[in-house]
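The values are calculated or read from the model by the stated rules, or taken from the named source; none is laboratory data. Since we're looking at a predicted model, the values are computed, not measured. No Cβ is skipped: glycine too gets one built from the backbone with ideal geometry, and neighbour counts run over all protein chains shown.
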Amino acid sequence: MTAAQWTEREQVRLRAAELFARGYTDAQVAKELRVTRMSANRWHRAWATGGGKALASKGPASVPWLSEAQFARLEVALHRGPAAHGWLDQRWTLARIKTVIGRMFHLSYSLAGVWKLLRRHGWSCQVPVRRAIERDEEAVAIRRRTWVAGSASKTNAAVR
């Protein structure tokens, strides 16, 4: 989550504290703030024992290991491509990116951690189209034209 999203979620919880103080029930708070009743119930219990401070943010569950400056360096390295790092083909995998992070920053991420790190910074999974080496594009094009022409005549015959 970004800092803005984190702050926005905290504001929802603090608004819930205000509503609980006014006497709203869990169900009313859930409906008002458009959250689940389970969340509202959990917040109500925390508010009842610790007040509004109990609903304040305690910070992220884990701190990212790479700083923004380090991630910028990693991005430059990734844009250079896998061949620049010793791989023969031009496909990035999570395992390869993990290896690059280890080499550059002496940190050991899990594969899931690498995926979360990349997603957090706007990267997405790109899957290459797989085609048989033996594929004959000319034969495929002829077959497509034949199929399209054949299906059109069947449709016209059914309409008549």
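Among the residues of region 96-135, write down those that are among the aliphatic types (A, V, I, L, M) and surrounded by 10 or more Cβ atoms within 10 Å (Cβ to Cβ). Don't jump to the end; show me each part of the working.
Applying the first criterion (among the aliphatic types (A, V, I, L, M)) to region 96-135 yields 97, 100-101, 104, 107, 111-112, 114, 117-118, 127, 129, 132-133.
Once the filter is applied, which keeps residues that are among the aliphatic types (A, V, I, L, M) and surrounded by 10 or more Cβ atoms within 10 Å (Cβ to Cβ), region 96-135 yields 97, 100, 101, 104, 107, 111, 114, 117, 118.
Whenever a residue of region 30-56 is under 12 Å from residue 13 (Cα atoms), its partners that are β-branched (Val, Ile, Thr), lying with C-beta atoms within less than 6 angstrom and at least six residues away or across chains, give the pairs 33/12; 40/29. Of the residues making up region 58-71, none is over 27 Å from residue 122 (Cβ atoms), surrounded by 11 or more Cβ atoms within 10 Å (Cβ to Cβ), at pLDDT below 95 and of a type in the set (A, V, I, L, M).
Please determine, by comparing only the residues of region 10-69 that are at positive phi and not in a helix (DSSP H, G or I), which one is nearest to the chain's Cα centre (by Cα).
The first filter runs over region 10-69 and keeps only residues at positive phi, leaving 23, 34, 51, 59.
After this cut, where a residue has to be not in a helix (DSSP H, G or I) as well, the list is 23, 34, 59.
Working: 23: 38, 34: 23, 59: 20 Å.
It comes out as 59.
Listed by first and then second residue, the pairs with beta-carbon distance under 8 Å, at least 6 apart or on different chains, first residue in region 87-113 and without any contact (Cβ under 8 Å) to a residue 12 or more places away in the chain, second assigned to a loop (DSSP other than H, G, I, E, B) and buried (at least 16 other Cβ atoms within 10 Å of the Cβ), are 102/109.
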